[in-house]
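Quick notes on the structure that follows.
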Amino acid sequence: MGNEHELSPRSGIRSEGSDKLMSDTTVESGEPMQIPEVSEPAATDPVWLFGYGSLIWRPDFPYQKKELALVDGWERKFWQGSHDHRGVPEAPGRVVTLLPATGQQCAGMAFQISSKDAVEIFQALDYREKNGYERHTAPCWLIEQKRTVECIFYIATESNVAFLGPAPLSEIAQQINASVGPSGSNREYLLQLASALRTLNLTDEHVFSLEQEVLKLTPEL
C-alpha cells in the first residue's frame, strides 16, 4: 500500500504512523472526496471486487492484486442476520452489509481478479453469500493507484428475509456475543473485522463501538 492515504475524515483512513485522520485535497472543508467516473471496461479487463467484511481478512479466492479502496454513498452496518455462517436459523448472528447513505463513504479492500477466473470465483461467492446478499456494481476509488474502477460487491438489502435492521448497540452486542454458527462464533467475526480495519489504518465508528460493547460482556483472554 502507498504511504499516503489522503481521504476525507468520513472515509476513516488514517495516515501511516499517525493517529490523526487525514483528509483529501479539501482539507479545510472536510467534505468527502468526489470519486471520478469510471471508463467503460473491455471484456478482457480484470474484474474488481470490493470487500468490506470478512473478505478483508479471509479472501478464499485467487486474485492478482489488492489495495485499499473506497466506495461513496454507502455505510457498513451489522444489520444483516446470519443463519448459515455466524448463527443458526433459530438464533441468527449479525454480520455486516452496506446500506445507502448520502454523504458517507466506506473503506475496504479491492481485489483485482483475472477475467478468466471471474466466473468460477463469483459462482463460489454467490454460494458463500447466499443468505440474502446480491451483487451490486458501483464506482470504487483505488487509493494507491488514485483512479476509479467499476467494482462488484455484495449487499444485503432491507427487502431480504434475513435482514434484521437497526437495534440499540447493547442489544446488537449481546446478540453477537451469544451467536455461533458453522463458520464460528459471531464474536470472532466482529473482533476479526475490527482488528483487520485497525491493521489497515481504517476506522469505523459502528464497528469499533460494537467491539467495545462485546469486550465489556466477555473480555478477551
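We did not get these values from a lab; they are worked out from the coordinates using the rules stated. What you see is a predicted model, and the numbers here were worked out from it, not measured in a lab. Cβ atoms come from the backbone with ideal geometry, glycine included; neighbour counts cover every protein chain shown.
Details
- Selection count, region 167-211, where residues are hydroxyl-bearing (Ser, Thr, Tyr) and surrounded by 21 or more Cβ atoms within 10 Å (Cβ to Cβ): 2
- Test: residue in region 137-158 that is under 18 Å from Phe61 (Cα atoms), among the basic types (Lys, Arg) and in a loop (DSSP other than H, G, I, E, B): no
- Hits in region 144-166 - residues which are among the aliphatic types (A, V, I, L, M) and either under 19 Å from the mean Cα position of the chain (by Cα) or surrounded by 15 or more Cβ atoms within 10 Å (Cβ to Cβ) (or both): Val149, Ile152, Ile155, Ala156, Ala162, Leu164
- Filter result (among the polar types (S, T, N, Q), out of contact with any helix residue (DSSP H, G or I) (no Cβ under 8 Å at 6 or more places or on another chain) and in contact (Cβ under 8 Å) with a residue 40 or more places away in the chain) within region 87-126: Thr97, Gln112, Ser114, Ser115
- Region 127-170, residues that are aliphatic (A, V, I, L, M) and without any contact (Cβ under 8 Å) to a residue 40 or more places away in the chain: Val161, Ala167
- Filter result for the condition that a residue is among the aliphatic types (A, V, I, L, M), in contact with a Phe, Trp or Tyr (Cβ under 9 Å, 6 or more places away or on another chain) and either buried (at least 16 other Cβ atoms within 10 Å of the Cβ) or in a strand (DSSP E or B) (or both), over Ala110, Ala124: Ala110
- Exactly one residue out of Leu68, Leu98 is more than 26 Å from Pro166 (Cβ to Cβ) and in a strand (DSSP E or B), and it is Leu68.
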